[in-house]
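A.B. asks: Right, I'll just put the structure down here and ask away after.
The values are calculated or read from the model by the stated rules, or taken from the named source; none is laboratory data. This structure is a prediction, so every number in the text was calculated from the model and none was measured. Methodologically, a virtual Cβ is constructed for each residue, glycine included, from the backbone with ideal geometry; neighbour enumeration extends over all protein chains shown. Calculation scope for accessible area: heavy atoms of the full protein, side chains included, ligands and nucleic acids excluded. Shrake-Rupley method; radii C 1.70, N 1.55, O 1.52, S 1.80 Å.
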Amino acid sequence: MLFRRLVNQMKKINNHFSSFSMSSSPTRYINKMKYLNQKEAQSIDEELFNEYKFSLDQLMELAGFSCASAIANAYPKTASSMKILICCGPGNNGGDGLVCARHLKLFGYKPTIFYPKRTDKRIFVDLVTQCEKMNIPFLDCLPTESKLIDFNFNIIVDAIFGFSFSGQLRAPFGDILEKLKLAKIPIASIDVPSGWNVEHGNPDGLQPEFLISLTAPKLCARYFKGKFHYLGGRFVPDTLAEKYELNLPEYQGIDPFVQLKHESNDKTIN
């Protein structure tokens, strides 16, 4: 009788804890998670700056660190994933890429930066200096052919345009994106694949294997068909998340990222 009671108690305990399993909890959150349009994404950024008093360099550091951490999670450091080409645009997305490069170097990867249209704003000048002081090389131009990119690198990080992008591509970025499209190695896009409409995507544009959405996914992420989708930037205050009904998934442990359920095939990619 005592043994039977112990068995029944163990069954009750197991049933209790199974309701809190990692496989079920993220799914509940992700099914309800909000995907932002461009105006909502801009409004959240403005509130982070104006109401919550985050500085731009703070948010870039947090975002870039989460990007580097998620890339290292998706592509563990091996001989076939060491050399990373990081393509940075002229705005904040490019700043995230510069921070990402610095952290990837600290993680033991071998980043190279392509930053074709620099700005003289102090924050970006400082980020460049930090990378230079860490002996991260900068390219003056991309290799002439996409197959040379494949030969010299293992992964491309697309940090060219973020959610503020709209309109037509301007030189030199049209040619740059066309060259990246032809590359065979994996592309990892930060927040929004460059050249995509923030809400409607771009079926003829870059088709990255990896996407890390920052703060919350943008509507275009619903059109992402790659292998790895992450959420990064573990900095959103609860009150702000509640105001915009973001329903963000729970981050695990001290990770600055969380892997999201893949919308297109209804399963989590491991």
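A.B. asks: Here are some conditions: (1) within 29 Å of LYS218 (Cα to Cα); (2) touching a Ser or Thr at 6+ places or on another chain (Cβ under 6 Å); (3) at pLDDT 95 or above. PHE161 meets all but one. Which one does it not meet?
C.D. replies: The number of the failed condition is (3).
Matching residues to (1) more than 22 Å from PHE151 (Cβ to Cβ); (2) open to solvent by less than 10 Å² (accessible area, probe 1.4 Å):
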| site | (1), (2) |
| --- | --- |
| ALA171 | yes, no |
| LYS181 | no, no |
| LYS184 | no, no |
| ILE190 | yes, yes |
| GLU199 | yes, no |
| GLU209 | no, no |
| SER213 | yes, yes |
| CYS220 | yes, yes |
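A.B. asks: Among the residues in segment 167-190, are any modelled with pLDDT under 95, assigned to a loop (DSSP other than H, G, I, E, B) and on the phi > 0 side of the Ramachandran plot?
C.D. replies: yes
A.B. asks: Another question, then. Name the pairs whose Cβ atoms lie under 6 Å apart, with the first residue in segment 86-107 and under 18 Å from PRO186 (Cβ atoms), the second open to solvent by 10 Å² or more (accessible area, probe 1.4 Å) and part of a helix (DSSP H, G or I), and 6 or more positions between them or separate chains?
C.D. replies: Here the result reads PHE107/ALA72, each pair linking segment 86-107 to a residue that is open to solvent by 10 Å² or more (accessible area, probe 1.4 Å) and part of a helix (DSSP H, G or I).
A.B. asks: Might you let me know whether segment 80-101 holds any residue that is open to solvent by 50 Å² or more (accessible area, probe 1.4 Å), part of a helix (DSSP H, G or I), among the hydroxyl-bearing types (Ser, Thr, Tyr) and out of contact with any helix residue (DSSP H, G or I) (no Cβ under 9 Å at 6 or more places or on another chain)?
C.D. replies: Within segment 80-101, none of the residues are open to solvent by 50 Å² or more (accessible area, probe 1.4 Å), part of a helix (DSSP H, G or I), among the hydroxyl-bearing types (Ser, Thr, Tyr) and out of contact with any helix residue (DSSP H, G or I) (no Cβ under 9 Å at 6 or more places or on another chain).
A.B. asks: Another one. Across segment 239-263, which residue is modelled with the highest pLDDT among those that are surrounded by 12 or more Cβ atoms within 10 Å (Cβ to Cβ), over 20 Å from LEU62 (Cβ atoms) and not basic (Lys, Arg)?
C.D. replies: Ranking the candidates gives ASN247 first.
A.B. asks: Scan segment 103-118 for residues that are hydroxyl-bearing (Ser, Thr, Tyr), in a loop (DSSP other than H, G, I, E, B) and either in contact with a Cys (Cβ under 9 Å, 6 or more places away or on another chain) or closer than 20 Å to ASP140 by Cβ (or both) and report the count.
C.D. replies: Residues that pass the stated criteria total 1.
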